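A quick write-up on the structure given underneath.
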Amino acid sequence: MTINTLMICGSLRKGSFNRALMNALPPLAPASMTLAEAPPFRGFPLYDADLQTSSGFPADVVALADAIRAADGVIIISPEYNYTIPGALKNALDWVSRLSDQPFKNKPVAIQSATGGQLGGARMQYHLRQSLQSLDVHFFGRPEVIVSVAAQKFDAATLELKDPTTIEMVKTQLAGFEKYIRMVKRK
């Protein structure tokens, strides 16, 4: 049985290392795992309970929530901004968390990050785990994918992931996550 996995990129930049990392995932995944990019959250208004009460949930919020619900698991690939979760990603999580049929509840979730610095987004991953814990996700723990000094691991012209050690780490995480999803979902 195929495991359908949703990829959420926490960076809005087309040329970001995290988008490049996300784009590298499908060919590195086990044959029984499909990976699809989540609907965009670029256009979400800032979360505001008054807006939610007066207008309901925006269609693009519902589209993201529906995609999360339909997936067997979710991989969030995100940079670290000022030691934490990027604002646009946090805003998207805030919106979908307000839905009555919580899309993240009991959903297997893995996290990846790529940054130019030595810590590779580790602080963001810690904060994202804290934030998502309140939504009752099932976190995949290890192996972690924390890509530090990302400029050395991606081709400067094409943004193709080229570092063999990182490629193997990603393959190992995806294989482990696929097994974890099967265990959690009993598939």
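The values are calculated or read from the model by the stated rules, or taken from the named source; none is laboratory data. In this text, all values refer to a predicted model and were calculated from it rather than measured experimentally. As a convention, Cβ positions derive from the backbone with ideal geometry for all residues, glycine included, and neighbour counts pool all protein chains shown. SASA here: full protein model, heavy atoms, side chains in, ligands and nucleic acids out. Shrake-Rupley method; radii C 1.70, N 1.55, O 1.52, S 1.80 Å.
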Across the range 62-83, which residue is farthest from Q118 (Cα to Cα) among those that are in a strand (DSSP E or B) and either open to solvent by less than 40 Å² (accessible area, probe 1.4 Å) or not aromatic (F, W, Y) (or both)?
-> G73
State whether the residues of the range 106-129 include one that is under 23 Å from L35 (Cβ atoms), touching a residue at least 12 places away in the same chain (Cβ under 8 Å) and in contact with a Lys or Arg (Cβ under 6 Å, 6 or more places away or on another chain).
-> no
Would you call G121 open to solvent by less than 30 Å² (accessible area, probe 1.4 Å) and either farther than 24 Å from I3 by Cα or of a type in the set (G, A, S) (or both)?
-> yes
Tell me which residues, restricted to the range 109-137, are among the small types (G, A, S) and closer than 26 Å to I167 by Cβ.
-> A110, S113, A114, G116, G117, G120, G121, A122
Please indicate, with yes or no, whether at least one residue in the range 41-48 is at pLDDT 95 or above and in contact with a His (Cβ under 9 Å, 6 or more places away or on another chain).
-> no
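Condition test on A70, is it of a type outside the set (F, W, Y) and either over 25 Å from Q152 (Cα atoms) or touching a Cys at 6+ places or on another chain (Cβ under 8 Å) (or both)?
yes
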Has the range 129-136 got any residue that is over 14 Å from the mean Cα position of the chain (by Cα) and crowded, with 16+ Cβ neighbours inside 10 Å?
-> yes
